[in-house]
Amino acid sequence: MDKDPERERSGIGRAMIVIAILVALPVLYVLSIGPVGLFVVETGMEADGVKAFYAPVVWLARNNATFGRLLKWYIDFWAAWPQIRL
């Protein structure tokens, strides 16, 4: 029995969407630390939950010097936003 090419393309498309989501979610998680940190500082919100949520990112930054430098730059970038506002 021949495979339906339309159905096969649909399956490949679904697989690509799943892969894109699996790649995008961790990236967005790490990148969200900047805006969330700014929000915590600006609102005076309790940071315990935020610290727990980002504990894996902080652990990685402490154990990987390159990632730590990049993360520090990124957080500092977001911390500068209050001074940049017009």
Checklist entry - Any idea how many residues of segment 31-86 are more than 14 Å from the chain's Cα centre (by Cα), in a helix (DSSP H, G or I) and of a type outside the set (Phe, Trp, Tyr)? => result 21
Next on the checklist: For the structure I just gave you, tell me whether Leu60 is more than 18 Å from Pro26 (Cβ to Cβ), surrounded by 13 or more Cβ atoms within 10 Å (Cβ to Cβ) and out of contact with any Cys (no Cβ under 9 Å at 6 or more places or on another chain).
Outcome noted: no
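No lab work stands behind these numbers, since they all come straight from the coordinates. Remember, predicted model here, so these are calculated numbers, not experimental data. When we count neighbours, we look across all protein chains shown, and the Cβ atoms used for this are built from the backbone with ideal geometry, even at glycine.
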